[in-house]
Amino acid sequence: MLILGIETSCDETSVAILDRDGAVRANLISSQIERHKPFGGVVPEIASREHLASLAPLIRLGCESAGVSLQDIGAVAVTSGPGLIGALLVGVAEAQGLSYGLGIPLVAVNHLEGHVLSPYLRLEGAAVPLPARGLTLVVSGGHSSIYDVRSDERISIRAMNRTRDDAAGEIFDKVGKFVGLPYPGGPHIDRLAAEGDRRKFKFALARFKGEATADFSFSGLKSTAIRLARQESLQAGENMEETQKLKDFCASFQGAIVDQIFDRLDQVWEQVKASENPPTEIGLAGGVAANSFLRSQMTEWGARNGLVVRLAERRYCTDNAAMIAFAGLRRSGGSPAGDPRRVQAASRMEVA
Ligand code: KG4
Ligand code: ZN
């Protein structure tokens, strides 16, 4: 059985084909970044139109590169939320058409569930078996949460925290934009930070007074970074050169984000480690999981706490349809879903 995955929730049109073992036979991504670049962020109307133009040809290409025809596909999985509603609708309508036309089941997938399971996909061959219980940190442009993931007959996913304001990727991008780096800023800050000294600039660790919570809060870091960049004349237009000062700033700012992430992960680990069947693995997923410093710190953190570390492959970090098809596969367990016409896109959606 082959499953076709479709992802159109934001600014990436993606199509993937996986076999029943979760081996990725094709995973194509058409990025719209160039279209949104002039605006410094994603413009929803442009996103929908780009998905409309790209999706059908990408499905054809996906089949070609996997060496299969549409008639070989046994199920279709599509991101139904959360995301930009107009963008989601393009994918959902296409998936409904395929499901109805080919007479195959349609599985609606929560985008976050795709990210949560993405560390288990391999570049080649069958997916890694899921542990009975693991934690997964998802950090992307729209989300920052640690999930407790249990897997037996079915998968259950519980959010252990959330962000009270901005997402980790969002502040990488906003601060990157302020200092004149191309959109999205995350990968550029990552690159510059590698040559910088993270002790040069100080950032305070965000805390909620009098509250026992592992929630993230990144907006304070963003404001501090922007104030600092202005003081240090690192503002866009004034100083676009990749100076040592900019590199030190990037290393310090990135270090502060990563410090907060591990402060919260320590808190969540304290809560769950003494439970009856504690998590045995820690996964790292989402666009920000491509960050080199975060990846190396996560490897150390896992080793320190005796957990197997599963870093999502970089190609499965940013939005992609392979993770959606995989979640569809795990979610459906191969059983037929309900009426495909009932599937609805929703901009907001909780994991379950
Ligand atoms: O998962 P994703 O493609 O889209 C969302 O669902 O949000 O994540 C995109 C985010 C952007 O904010 C981008 O700056 C960030 O991931 N990102 C990075 C890196 N690569 C991508 N942030 C830090 N370091 C990176 N290497
Ligand atoms: Zn995403």
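The values are calculated or read from the model by the stated rules, or taken from the named source; none is laboratory data. Only a predicted model underlies this, so the values are computations on that prediction, with no experimental measurement involved. All Cβ positions, even for glycine, are placed from backbone atoms using ideal geometry, and neighbour counts span all protein chains on display.
Exactly one residue among Val351, Val309 is under 30 Å from Asp259 (Cβ atoms) and modelled with pLDDT under 95, and that residue is Val351. With respect to the conditions (1) part of a helix (DSSP H, G or I); (2) within 16 Å of ligand 1 (Cβ to nearest atom), Gly283 lacks only one, and its number is (1).
Among the residues of the range 296-304, is any modelled with pLDDT of 95 or more and not in a helix (DSSP H, G or I)? No, the conditions are met nowhere in the range 296-304.
The listed residues are Val258, Val268, Val272, Val288, and the only one of them that is within 16 Å of ligand 2 (Cβ to nearest atom) and either aromatic (Phe, Trp, Tyr) or under 21 Å from Thr163 (Cα atoms) (or both) turns out to be Val288. Considering Leu228, Leu135, Leu181, Leu121, the condition of being closer than 29 Å to Leu2 by Cα and out of contact with any Pro (no Cβ under 6 Å at 6 or more places or on another chain) is satisfied by Leu121 alone.
Among the residues of the range 195-207, is there at least one that is without any contact (Cβ under 8 Å) to a residue 24 or more places away in the chain and of a type in the set (A, V, I, L, M, F, W, C)? Scanning the range 195-207, I find at least one residue that is without any contact (Cβ under 8 Å) to a residue 24 or more places away in the chain and of a type in the set (A, V, I, L, M, F, W, C), so the answer is yes. Taking the condition part of a helix (DSSP H, G or I), farther than 21 Å from Asp148 by Cα and within 16 Å of ligand 2 (Cβ to nearest atom), does Arg341 pass? Taking the combined requirement at face value, the residue does not satisfy it. Cβ-Cβ distances below 8 Å connect the following pairs, each with a first residue in the range 162-186 that is free of Cβ contacts under 8 Å to residues at least 24 places away in the same chain, a second residue that is among the charged types (D, E, K, R) and more than 10 Å from ligand 1 (Cβ to nearest atom), and a separation of six or more residues or different chains: Gly185/Lys177. Taking the numbered list (1) at pLDDT 95 or above; (2) within 16 Å of ligand 2 (Cβ to nearest atom) in turn, Glu94 passes all entries but (2).
Could you list all residues from the range 155-205 that are touching a helix residue (DSSP H, G or I) at 6+ places or on another chain (Cβ under 7 Å), among the aliphatic types (A, V, I, L, M), under 30 Å from Ala352 (Cα atoms) and in a loop (DSSP other than H, G, I, E, B)? Correct list: Met160 only.
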